[in-house]
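The values are calculated or read from the model by the stated rules, or taken from the named source; none is laboratory data. On a predicted model such as this, the values are computed, not experimentally measured, just so you know. Note: ideal-geometry Cβ built from the backbone for every residue, glycine included; neighbour counts use all protein chains shown.
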Amino acid sequence: MHNRIENIKNKLPEDHKDIAVLARHIFEAFDKLLEGHRMLVGTSSTAKIKPNPVEERTFFETINEMKNIILTELEKTTDDIEHIGDKHWEKNYKDGIE
């Protein structure tokens, strides 16, 4: 996913690269949250506290789904930016991107 963000950043004009940087920061925050969660579960397991497997799966699936949504929206925004001024382009966001 980080490679996709970098590819998108390279496609964006200079004055719009900040949205790719923001997405990268959000992904880093998610990764930090996941690492903290893994450490908590590991610490809990040393105290013989077993995690609920359904809750664990739901947690990780939710984070991954959120990452995918953010990446998809970033790609749609990038497409709209690339097609500014193209009257035949069907905009992803009717209210614009500026």
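Things worth noting here:
- Within the range 1-19, residues that are surrounded by 12 or more Cβ atoms within 10 Å (Cβ to Cβ) sit with their Cβ atoms under 9 Å from residues that are of a type in the set (A, V, I, L, M, F, W, C) and part of a loop (DSSP other than H, G, I, E, B), at 6+ positions apart or across chains, in these pairs: 16/97; 19/12.
- Exactly one residue out of 87, 11, 94 is on the phi < 0 side of the Ramachandran plot, of a type in the set (Lys, Arg) and within 21 Å of the chain's Cα centre (by Cα), and it is 11.
- In the range 43-95, residue surrounded by the fewest Cβ atoms within 10 Å (Cβ to Cβ) [restricted to those that are over 22 Å from residue 29 (Cβ atoms) and in contact (Cβ under 8 Å) with a residue 24 or more places away in the chain]: 82
- Residue among 73, 65 that is under 24 Å from residue 92 (Cα atoms), modelled with pLDDT of 95 or more and of a type outside the set (Val, Ile, Thr): 65
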